[in-house]
Amino acid sequence: MPPFDTLWLRLRQIQTCQFTSRSHSNPATHWTGAGAGVVSVESPTADTLIFRESGDWQPATVARSLRFRNTYRWTRHDTTIQLEHLRFGDQNPVYLFDLAPAPDGTWTSLTAHLCRQDHYTAQLVLECHRLVLTWTVTGPEKQDEIKYIYSS
């Protein structure tokens, strides 16, 4: 099966997520912590998947965990997969980036998502029974990494 089809099939099978976040510039910030939850995958079209994530987030600097919700839309194009954050609803997506396959088998963002002065890039790796999506956030005051592990 071509890498593109393999990734799409694996995305459709996702059921859970775990993530860790670490600030290398300021470890005491609310960015450092860990979370876990469930993922509900919807497929409104053959080329679109919507991940509705919910669970608990434990910041390193807070004594109790916090609930989280995220919604992402993955859209399959000819040679890339586009990722959008649906924090403002399905009709008002925030474009993040397009992921393209690299020669080493990873999927990497073609351009950075810009949020004020911060740059967000990502790399997606297919492992045995999981997908690992690593975000890198760089900016004047940020050197952060967020590692998502999606499992079926």
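The values are calculated or read from the model by the stated rules, or taken from the named source; none is laboratory data. Keep in mind that this is a model prediction, so the values were computed, not measured. With ideal geometry, Cβ positions are generated from the backbone for all residues, glycine too; neighbour counts draw on all protein chains shown.
Applying the selection to the range 42-52, what residues are among the charged types (D, E, K, R) and under 13 Å from the mean Cα position of the chain (by Cα)? Explain how you work it out, then say what you get.
Residues of the range 42-52 among the charged types (D, E, K, R): 42, 47, 52.
Residue satisfying the conditions is Arg52 alone.
Only one of (1) buried (at least 17 other Cβ atoms within 10 Å of the Cβ); (2) farther than 17 Å from Ser151 by Cα; (3) not β-branched (Val, Ile, Thr) is not met by Pro44, so which one is it?
Exception for Pro44: condition (1).
Considering only residues of the range 53-97 that are closer than 21 Å to Thr108 by Cβ and over 15 Å from the mean Cα position of the chain (by Cα), which is surrounded by the fewest Cβ atoms within 10 Å (Cβ to Cβ)?
Per the stated criteria, the residue is Asp78.
Quick one: is Val94 more than 20 Å from Thr20 (Cβ to Cβ) and touching a strand residue (DSSP E or B) at 6+ places or on another chain (Cβ under 9 Å)?
yes
Which of (1) farther than 13 Å from Leu11 by Cβ; (2) within 12 Å of the chain's Cα centre (by Cα) is the odd one out, the single condition Tyr148 does not satisfy?
(1)
Among the listed residues Arg69, Arg73, Arg64, identify the single one that is over 23 Å from Arg12 (Cα atoms) and charged (D, E, K, R).
None of the other options fit; the residue is Arg64.
From the residues in the range 16-39 that are among the hydrophobic types (A, V, I, L, M, F, W, C) and at pLDDT below 80, which one is surrounded by the fewest Cβ atoms within 10 Å (Cβ to Cβ)? Spell out the reasoning first.
Step one: filter the range 16-39 for residues among the hydrophobic types (A, V, I, L, M, F, W, C), giving 17, 19, 28, 31, 34, 36, 38-39.
Subset that is at pLDDT below 80: 28, 31.
Numbers: Ala28: 9, Trp31: 20.
Selected residue: Ala28.
Could you list, in sequence order, the residues of the range 4-14 that are modelled with pLDDT of 90 or more and either more than 23 Å from Ala100 (Cα to Cα) or in a helix (DSSP H, G or I) (or both)?
First, pick out the residues of the range 4-14 that are modelled with pLDDT of 90 or more: 7-14.
Answer for the range 4-14, where residues must be modelled with pLDDT of 90 or more and either more than 23 Å from Ala100 (Cα to Cα) or in a helix (DSSP H, G or I) (or both): Leu7, Trp8, Leu9, Arg10, Leu11, Arg12.
Mind listing just one residue for me: the one in the range 111-152 that is touching a His at 6+ places or on another chain (Cβ under 8 Å) and of a type in the set (A, V, I, L, M, F, W, C) and, of those, surrounded by the fewest Cβ atoms within 10 Å (Cβ to Cβ)?
Per the stated criteria, the residue is Ala112.
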